[in-house]
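Worksheet for the structure shown next.
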Amino acid sequence: MSAKLDPELFPEPNLKLFDDFSPLDRKSWEEKILKDLKNPEDPEKALQKLNWKTRDGIILSPFYLSDEKPAGLEKHLPGEFPYLRGIRAQGNVWLTEQTIDFSLHHNESDLDALLEEFYKHELGSIRLLVNDASYVGHAAQFCEKIDLNRVSVNLDLEVHLKDAQPLLKWAATKDANKVLISVDPLARYLRTGAVETSTLETELREDLDATAAYLEKDSRPFLGVSGHLFRYAGANNITQLSLTLSLGSFYISALLDRGLSLASALRATHVRSAVSSSFFPEVAQLRAARYLWSQIASAYANEVSKAGSETGDWKAAAALYQSTETSVFELSALDPYTNLLRSTTQSISAVLGGSQRHTVHPFHLITDREDAFSRRMARNIQNLIRHESYLQQVADPGGGAYYLEKLTDELGSAAFQDFQNLEQAGGFLEGLKSGSIQKNLAEQLSDALKNVSSRRSIYVGVNQYPSLKEDVKEKRYDPYTGHWVNGVQLESDDAKGKAIAPVRFGRATSGFEDLRIHFQSVAASKGFRPQVLLVPAGKLAMQRARAAFSQNFLGCAGFAVEDPGSLGEVSSAAEFLKDRIAKDSSIVALTLCSSDEEYEALADAVLPIASEKGLPVIVAGSPENRDALESKGVIEFIHLKSNVFGTLVELQKRILGSSVGSHQREQ
């Protein structure tokens, strides 16, 4: 006898539960929102404030309704062309990947220990990064030790293919599902540029000829488009996607010109992307990439068919294989444990977007490179996502969410327009030769760094909420060059004397790191840590708010900031100040914290005392009478609209006497 289900908990299948709810239009939702906002005087302006403008310039509403979603979504299914919803019909399986960079790991016993560590923790994939021909033999010997029944391999080669033959011969004997070959002939020129254009053209032609010859014998994924490099050069989501598609399209054309079928060319091409902390746009970008790639494949199929050539099963081959990694651009040397939080959100975006293999960089890569602990933490981020969030069990978890679908559609449309513009201008290679790609990326990198400088992009522990007692490490690892940098990093002109300039890479937090390192070196030379004393007086609410703001602002440059608490009225503040300055020689500046209308009286009381001791005076805020205060001797005003980095550089110069440093590179 079967148990009878409770009809309250388990209603009949044909019961239409939503019939009890009337449909809501946008106006109804907005009325409810305005009610929650306490019926503001300007409803339209209040609603506009809820919109979000992404770094790519896309404006998103806080909600979307069914009739506002992109058309045709119901036709898309996971595992089916055009792969908007993923290349797998069921589940959301991905491989946890970690990197062995042979420029860092030379010792055979260390490599053996790493392999055993990866076996022990059931790693999904090892990315073997070979970026110098001198490491090829060593890497080939290591490959022979790998048990492919226990871990897969991603063979990432940034060397001329004629120098990589031992590794390619090893891979040719292995199952393509176990060994992914990732060759990007143009990646090394993105990094280093070229003295002569002819050198690039010759080596590129040789690499593509070798690629075609290899694929004629073994049709498999081979060309890994290095889209992550565009991210590290400052690209926003639209630009990273459009350049990745353009470079991938260049490789498809090159393989077709060498006699491969369209299906073989598509199957040979896969991509690698770097995922930032911009959560929803990153999910949307990965989804849009698959859809746009399928549209590019369709355009090629039409052209190939018109020419009477064989396309093969191009629709199946157009299922774009995507590898991802957390963004090195966002790794910070300051308060490095915050990198774990950034890596977590980035990894969730990657998984929700449909990544097939994902790398989490060690959280203290910039200060300590990596060790067993940081590798374990990197693996466990993905273990938590897989085993406690269960995101591997649902195909395209974000599919059907109108907000995400709308963002995917708009981001994809913008990226495809950029892609078409680049193709009309001659394609990726011509853009690289002319320098237009480098110029565009340099502009976007500058914009990205300006956003950090002005706090439009927040990095906790760096340009907001700094750890004031942190001992900043002066030696930092540059993940783009493989060098260690001592002290403040100076810019170098890597493009000098080159016909094709390299792209310039950057990290969001490096400027603030330089500020802290310089401050630390000055403190060491003085024998004490220079201190800014706050002078909070007048209206309690304003002085406390501005004291907290000042401590946060000035701490980003390394200053020790003393907040004595409320000093009451102006007269009592002056008395306190005389006594405090007489007792402490480490005080190098004062910051007034009060209400706008009280600053003049406070300045009149404090400035003579400060002048007698030679102490610069700063004001927290931007009062209307700032000209009068400047004439009295105030040197700077710090406020919400300040360019934090630029202001701190000037304050270091005026208070410490300098804001520069030196560096040297070590192998």
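The values are calculated or read from the model by the stated rules, or taken from the named source; none is laboratory data. Predicted model only: the values in this text are computed from it and were never measured. Note that we place each Cβ from the backbone using ideal geometry, even for glycine, and neighbour counts take in every protein chain shown. Heavy atoms of the whole protein, side chains included, go into the accessibility calculation; ligands, DNA and RNA do not. Shrake-Rupley method; radii C 1.70, N 1.55, O 1.52, S 1.80 Å.
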- Message: Just to verify a number: FRET efficiency for ARG26 and ILE458, C-beta to C-beta distance, R0 = 25 Å, to 0.05?
- Response: 0.20
- Linear extension gain, ASN552 paired with LYS162, 0.36 nm per residue minus alpha-carbon span: 135.0 nm
- Percent antiparallel among DSSP beta bridges with both residues in the chain, to the nearest 5? 15
- Distance between Cα centroids, the stretch 167-246 to the stretch 532-579: provide it in whole Å. 57
- Tell me, what is the FRET efficiency for ASP19 and LEU65 to the nearest 0.05, using R0 = 22 angstrom and their Cβ-Cβ distance as r? 0.75
- Task: Any of LYS526/LYS653; LYS145/LYS169; LYS450/LYS498; LYS469/LYS539; LYS583/LYS613; LYS53/LYS75 with alpha carbons more than 18 Å apart? Name them for me.
- Result: LYS450/LYS498; LYS469/LYS539; LYS53/LYS75
- Query: Placing +1 at every Lys and Arg Cβ and -1 at every Asp and Glu Cβ, with all other atoms neutral, what dipole size does the stretch 317-469 have around its Cα centre, in debye to the nearest 20?
  - Reply: 520
- For the stretch 59-204, shape from the Cα gyration tensor axes a ≥ b ≥ c, cut at a/c of 1.5 then a/b versus b/c, turns out oblate
- Query: With every protein chain present, what is the per residue accessible area of the chain (1.4 Å probe, Å²)?
  - Reply: 45
- Gain in length, GLU443 to LEU640, computed as 0.36 nm per residue apart minus the alpha-carbon separation, to one decimal in nm? 68.4 nm
- Note on the structure: Where a ≥ b ≥ c are root eigenvalues of the Cα gyration tensor, a/c under 1.5 meaning rounded, otherwise prolate if a/b exceeds b/c and oblate otherwise, the stretch 164-243 counts as oblate
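As a check on your grasp of the helix formula, calculate [θ] at 222 nm for the chain: sum -39500 (n - 2.57) over DSSP H runs of n ≥ 4, divide by the residue count, round to the nearest 500.
Taken over the chain, the calculation gives -14500 deg cm²/dmol.
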- Query: For LYS49, which lysines qualify as cross-link partners when the Cα separation must be under 16 Å and same-chain residues fewer than eight apart are set aside?
  - Reply: LYS32, LYS35, LYS38
- Task: Would you list the membrane-span-like helices of the chain, meaning whole DSSP H runs whose alpha-carbon atoms span at least 27 Å along their axis and whose mean Kyte-Doolittle value is at least -1.0?
- Result: 197-217, 237-257, 279-306, 402-424
- Message: Give me the dipole magnitude in Debye, nearest 20, for the stretch 157-260 about the Cα centre, with unit charges on the beta carbon: positive for Lys and Arg, negative for Asp and Glu.
- Response: 380
- Note on the structure: For GLN464, the residues 5 or more places away or on another chain with a placed amide H closer than 5 Å to its own amide H are TYR459
- Could you give the length gained on full extension between GLU562 and GLU624, defined as 0.36 nm per residue of separation minus the Cα-Cα distance, in nm? 19.7 nm
